[in-house]
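Structure first, commentary second.
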Amino acid sequence: MDKANSKILTLSFATLSLIIAFTLSLLIKAFAGAFGIVARAADSDLVRHGLPVVTGLALFAYLQFSPKVLTWGDEVVTEVRKVVFPSRKDTTGMTLVVIIFVLISSVIVTFFDFFSSYFINSVIK
């Protein structure tokens, strides 16, 4: 495995583990407000803070030391490096085309909305 790929994977695994730990912490806090048993468990610092930290560290260790995950991650990083991104000129042009089509479709939808509203109001009256 390339050393640069290894650094990218380690940083990605650490970021994912932090996100999962933070999400678990938020879930514990949210469920503590909704369920009494979770509220009693969340009174303990071990559950409120320790469980997310242990979960994050365990996930990081699993991802970092699993040969299958490392092989898969190395292949992903290698493939992403092969991607050719469009130039700034191409990106600007495509963005303008999208904006123009959104404006045109919004005019068409607005026209049909006004027309159908006028038709329904005339039928009701």
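Quick rundown of the values:
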{"quantity": "For the chain: rounded, prolate or oblate by the Cα gyration tensor [a/c cutoff 1.5]", "calculated": "oblate"}
{"quantity": "Residue pairs, from the table 7/29; 7/68; 3/68; 3/82, whose Cα atoms sit over 25 Å apart", "calculated": "7/29"}
{"quantity": "Distance from segment 46-74 to segment 94-125 (C-alpha centre basis), Å", "calculated": "51"}
{"quantity": "Contact order relative to length of segment 1-83, as percent, for alpha carbon pairs under 8 angstrom and 6 or more apart", "calculated": "40"}
{"quantity": "Mean Cβ count within 10 Å, highest first, over the residues of peptides 24-32, 92-100", "calculated": "24-32, 92-100"}
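Rule-based calculations on the coordinates, nothing more; no lab input. All values reported here derive from a predicted model rather than from experimental measurement. A quick note on method: Cβ atoms are made from the backbone with ideal geometry, for glycine too, and the neighbour counts reach across all protein chains shown.
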